[in-house]
1. Look through segment 14-29, keep the residues that are closer than 22 Å to G214 by Cβ, surrounded by fewer than 21 Cβ atoms within 10 Å (Cβ to Cβ) and of a type outside the set (S, T, Y), and return whichever of them is modelled with the highest pLDDT.
2. Which residue, of L119, L89, L173, is closer than 25 Å to R337 by Cα and in a loop (DSSP other than H, G, I, E, B)?
3. With the requirement that a residue be part of a helix (DSSP H, G or I), in contact (Cβ under 8 Å) with a residue 40 or more places away in the chain and open to solvent by 40 Å² or more (accessible area, probe 1.4 Å), what does segment 58-83 give you?
4. Report yes if some residue within segment 193-205 is modelled with pLDDT of 95 or more, buried (at least 16 other Cβ atoms within 10 Å of the Cβ) and not in a helix (DSSP H, G or I); otherwise report no.
5. Among the residues of segment 248-266, what is the count of those that are open to solvent by 10 Å² or more (accessible area, probe 1.4 Å) and not aliphatic (A, V, I, L, M)?
6. When the residues of segment 345-365 are narrowed to those that are more than 19 Å from the chain's Cα centre (by Cα) and surrounded by fewer than 19 Cβ atoms within 10 Å (Cβ to Cβ), which ends up farthest from V292 (Cα to Cα)?
7. Condition first: within 23 Å of the chain's Cα centre (by Cα) and surrounded by 16 or more Cβ atoms within 10 Å (Cβ to Cβ). Can you find one or more residues in segment 174-192 that meet it?
8. Say whether the condition of being more than 21 Å from V353 (Cα to Cα) and touching a strand residue (DSSP E or B) at 6+ places or on another chain (Cβ under 7 Å) is met by at least one residue in segment 229-247.
Amino acid sequence: MNTPPSLPEAEWTDGSSVRIGALVPLTRPGWVGAGRHLLAGLELAVREVNDAGGIAGRPLELVVRDTAADPQRAVAAVDELARLGVAALAGEYHSVVARAAAARADALGLPFLCSSAVLDALTEQPTEWVARLAPAQSHGWRIYADFLLGAGHGRIAVAAEPSVYWASGARILRDHLAPRGGTVIELDMRALAPTAVCDALVDSRATALLLLVGHPEPAVSIVKSVRRDRRLAEIMIGAPAGQPEFAEWATSLGADGAAIPFLRYLPERLGPLGARVETALRERLAEAPSFVAFEGYDTVAVLADVLRSHGTDRARIAESWPRVAVEGTRGQIRFSRTPGIGVWQWAWTPVQVVDRDPAEPDRFRILHAG
C-alpha cells in the first residue's frame, strides 16, 4: 500500500519520489484501530508535504507494510524496505514489534523514527539510527502511578498477560509505588478466567484493578465481569496502556467502558496547527482522532523537515536527530539523550490521564496531567 503523490507527475521537477517506509499494524492480532489511526496521520502529513511542493521538488511517497503485531514480520519488512531504497522508516505502535524493527534498522544503518511505541529499552544498546516521538513507558506510567496515589489507591491489582511490555509496566508501577506506601498485587491471566479475577480482587482487598492485557480479549471480558460483580462496586478499573482511547472500546463495552482512566499524549488544548490537523484527521477517519493519529502526523512532519534540510542520505538523516526543531501538533519536537534510553528521545510530549465520561461516553475527562 503506497500513498501516491497528490500532484500530477508533470508538476514535479524530478519524477523520482523520496520514499519513507511505514510500519503499521493493520490486521489481527495487531491493534487494528491504532494502526488505522497511525496510518491516517502518516498519510495526511504526506499529502500536505506534497501539496506544499514535496522534498526539493520530488514527491514524498509512503511505502506501507503491515506488521500485524508480529516482530518477525516487522524485521522482514525492514529488510524489504531497505532493499527498496527508502530514505527512512516511520511508524509502529506495538512496543515489542518496534523493538525488533529498531534492532534491524540499527544493524542495517537505516534511520527509524518510531511514532508510538513506549518501551524504554527500544534498543538493547545505544544507537544513533533510531529516534522516538512517544514518551518512554517509565515516564508515562510514573505519572499514572502518581494519579493512582492522588486518587487514594494504595492497593493496586494488575491483571497481567506475559509480555515484555506488560512486565515492564508492572515493574515501573511497583518501583514507583512501593516507596510511597503503595502495593502492587499481580494477577496472572494465564491462570485466571475473567470471572475468577473477581474473587481474586475480593481476596486481595485491592481498590483498583489495572488491565495489563490485550484488547479486545481478555480486556473486555474482565471489565464486564468486574462491572457485574456487586462485591466490586467501589473498585476502580484502569488501563494505563490506552485501550479506552479507541472507538471500538466504547462499541464493545458501552457504559461499562466509561470511567476507566488511561494515558494519552495530548495537551489540554491544541494550538493552531494541532486544531487544523485534528479537523483534517476527523474528516479522514470519520471519528475523533486518537493521540496515535497525531503521532503519525508528527512523524512525517519531522522526517520531511529533515529530508528538506539534509537530503536523503541515510547517514546524514541519522546525524540530524540532535538538530531537529520542528513544530508538531502537540508542541515543539526536539530530540535529546535521556538517561536509561538508548535512542534519540523527544522528552517529553504532553501526558494526560483521562477517562470516558459516564454521562457522555464519547467525551473525555482530563483527570491528571504530567
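The values are calculated or read from the model by the stated rules, or taken from the named source; none is laboratory data. This is a predicted model, so every value here is computed, not measured. Note that each Cβ is placed from the backbone with ideal geometry, even for glycine, and that neighbours are counted across all protein chains shown. We work out accessible area using only protein heavy atoms, side chains counted, and drop any ligands, DNA or RNA first. Shrake-Rupley method; radii C 1.70, N 1.55, O 1.52, S 1.80 Å.
1. Filtering segment 14-29 for residues that are closer than 22 Å to G214 by Cβ, surrounded by fewer than 21 Cβ atoms within 10 Å (Cβ to Cβ) and of a type outside the set (S, T, Y), the one modelled with the highest pLDDT comes out as L26.
2. L119
3. none
4. no
5. Adding up the residues that qualify gives 7.
6. A359
7. Yes, that holds for at least one residue.
8. no
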